[in-house]
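These notes are about the structure you will find just below.
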Amino acid sequence: EKGGYDHFMLKEIFEQPQTIYDCLRGRLDANAGTITMSGIDKFAEQLVNARRIVMVACGTSWHAGLVAEYIFEELCRTNVEVEYASEFRYRNPVVCEGDVIIAISQSGETADTLVAIETAKTNGAIIMGIVNVVGSSIARASHTGAYTHAGPEIGVASTKAFTAQLAVLTMIALKLGYKKGTLDQQRYLQLLKELESIPEKVAALLQNTEHIKRLAEKYKDSQDFLFLGRGYNFPVALEGALKLKEISYIHAEGYPAAEMKHGPIALVDETLPVVFIATKDSYHEKVISNMQEIKARKGKVIAVINEGDDLSASLADDVIVVPEADEIVAPMLSTVPLQLLAYYVGVAKGLDVDKPRNLAKSVTVE
Ligand code: F6R
């Protein structure tokens, strides 16, 4: 049932070209310039006119919400907030008639996310569920939504569900931005093509993972890890750190790269590996100067970069190369090697990567 892989986690990481494809299939048609999502079309008017959108989720799904915040604000010019479901539900949040709440959940059973949307619903919000498990509680409690179609995720750490959430949220943002007129036709069509090419790019980067295995061996005895990124790749840094913590039990922190000067830089010495997500995007130059700051303090830089980026490579102790893509869709690529890094470190340490200690696949208690 693991399809020849040693663990479900590895199988699910390698399934991503297919699961992202399945998520786009029947919806995205880049040649026709269309995205068909009946659950979104039904509420298109309310979504386009929404005063604000609030994403509620936990854990990895919350990270997908953070990436989506950047995408929605850029393409739809709508105010977006991203909330931990557990904080949102307990703090008497201000929810108004017509607010759109997007609940993101792989299992569709996370207790805090479920209660958060039930409360918001009684205040007149429109609830949209981005859920993987068909017919789950969150799917049923939502007014509308879109399934991620990633198939069953058995590994406790979320991998393929995350990239499918990003694919769905990106499609929704593209639809709304285009309908609203905040996204012009040329950019819209270009992004449809970019999104359509993601499955083959993920497949390409999964073709050679030996170097990530070697990196895992090299750094597996580190006490701590720092993950840094900016913009669309800031949430990817958070996700890379969460995966490593869960699977390898190494303490890891994700941070916006510029924020490190305000505290975490004190941790940097020659024993600290710092993973930079440094792909080519509008933040690239800034990320490079952050890399220089870490190098100057003798940190070990592991950089996720695009091919041919000699400047970044020259600053890094180790590089992981991912295919180039538009910054809007790049997180679907830059996340994958970080999933693999966590996996291989966990395996190198002899840990049960499919069932990390103390964790449950779906958290149905609050
Ligand atoms: C991390 C992980 C958890 C879940 C979180 C939310 O790898 O799996 O952080 O993302 O418990 O779960 P769902 O998405 O099922 O609501």
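Side notes on the structure shown:
- The residues of region 42-85 that are open to solvent by 50 Å² or more (accessible area, probe 1.4 Å) and in contact (Cβ under 8 Å) with a residue 12 or more places away in the chain, listed by number, are K42, Q46, N49, R51, Y70, E74, R77, N79, E81, Y84.
- Taken together, the residues in region 250-264 that are under 19 Å from the mean Cα position of the chain (by Cα) and within 16 Å of the ligand (Cβ to nearest atom) amount to 3.
Residue-wise test of (1) in a helix (DSSP H, G or I); (2) within 16 Å of the ligand (Cβ to nearest atom); (3) over 26 Å from E97 (Cα atoms).
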{"residue": "A116", "(1), (2), (3)": "yes, yes, no"}
{"residue": "I127", "(1), (2), (3)": "no, yes, no"}
{"residue": "T163", "(1), (2), (3)": "yes, yes, yes"}
{"residue": "L166", "(1), (2), (3)": "yes, yes, yes"}
{"residue": "M171", "(1), (2), (3)": "yes, no, no"}
{"residue": "K179", "(1), (2), (3)": "yes, no, no"}
{"residue": "L189", "(1), (2), (3)": "yes, no, yes"}
{"residue": "V202", "(1), (2), (3)": "yes, no, yes"}
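- Filter pass, V134 being in a loop (DSSP other than H, G, I, E, B), modelled with pLDDT under 95, away from the ligand (no atom under 13 Å from the Cβ) and surrounded by fewer than 23 Cβ atoms within 10 Å (Cβ to Cβ): no
- Screening region 143-153 for residues that are more than 11 Å from Q106 (Cα to Cα) and open to solvent by 20 Å² or more (accessible area, probe 1.4 Å) and picking the one that is nearest to the ligand (Cβ to nearest atom) gives G145.
- Residue within region 217-232 that is on the phi > 0 side of the Ramachandran plot, in contact (Cβ under 8 Å) with a residue 40 or more places away in the chain, of a type outside the set (D, E) and open to solvent by less than 10 Å² (accessible area, probe 1.4 Å) present: yes
- Subset of region 314-366 [of a type outside the set (D, E), within 16 Å of the ligand (Cβ to nearest atom), within 23 Å of Y249 (Cα to Cα) and touching a Phe, Trp or Tyr at 6+ places or on another chain (Cβ under 9 Å)]: T335, L338, Q339, L341, V345, G346, L351, V353, P356, R357
- E259 meets each of the listed conditions (1) in contact with an Asp or Glu (Cβ under 9 Å, 6 or more places away or on another chain); (2) surrounded by fewer than 24 Cβ atoms within 10 Å (Cβ to Cβ); (3) under 27 Å from Q165 (Cβ atoms) apart from (1).
- Checked against the criterion of being closer than 21 Å to E74 by Cα and touching a residue at least 40 places away in the same chain (Cβ under 8 Å), region 154-162 has at least one qualifying residue.
- Selected residue (criterion: nearest to the ligand (Cβ to nearest atom)) from residues of region 51-106 that are over 16 Å from the mean Cα position of the chain (by Cα) and of a type in the set (S, T, N, Q): S86
- Where a residue in region 188-209 is of a type in the set (D, E, K, R) and its partner, wherever it lies, is part of a helix (DSSP H, G or I) and at pLDDT 95 or above, with Cβ under 8 Å and at least six apart: E196/L24; E200/P17; K201/L333
- All of L311, L272, L238 fail the test of being open to solvent by 20 Å² or more (accessible area, probe 1.4 Å), in contact with a Gly (Cβ under 7 Å, 6 or more places away or on another chain) and either hydrophobic (A, V, I, L, M, F, W, C) or within 16 Å of the ligand (Cβ to nearest atom) (or both), apart from L238.
- The single condition among (1) away from the ligand (no atom under 13 Å from the Cβ); (2) in contact (Cβ under 8 Å) with a residue 60 or more places away in the chain; (3) assigned to a loop (DSSP other than H, G, I, E, B) that E109 does not satisfy is (1).
- Test: residue in region 13-22 that is part of a loop (DSSP other than H, G, I, E, B) and open to solvent by 70 Å² or more (accessible area, probe 1.4 Å): no
- Boolean, K245 is open to solvent by 20 Å² or more (accessible area, probe 1.4 Å) and more than 21 Å from V82 (Cβ to Cβ): no
- Among the residues making up region 23-55, none is at positive phi and part of a helix (DSSP H, G or I).
- Top-ranked residue of region 1-12 - restricted to ones that are within 18 Å of K213 (Cα to Cα) and among the charged types (D, E, K, R), ranked as most open to solvent (accessible area, probe 1.4 Å): D6
- Some residue of region 56-73 being of a type in the set (G, A, S) and part of a strand (DSSP E or B): yes
- For region 330-350, the set of residues classified as buried (at least 22 other Cβ atoms within 10 Å of the Cβ) and in a loop (DSSP other than H, G, I, E, B) consists of A330 only.
- Exclusive hit being β-branched (V, I, T), within 16 Å of the ligand (Cβ to nearest atom) and at pLDDT 95 or above, set I198, I212, I247: I247
The values are calculated or read from the model by the stated rules, or taken from the named source; none is laboratory data. Everything numeric in this text was worked out from a predicted model, so none of it was measured. Positions of Cβ are backbone-derived with ideal geometry, glycine not excepted, and every protein chain shown enters the neighbour counts. Just the protein is used for accessible areas: all its heavy atoms, side chains included, with ligands, DNA and RNA removed. Shrake-Rupley method; radii C 1.70, N 1.55, O 1.52, S 1.80 Å.
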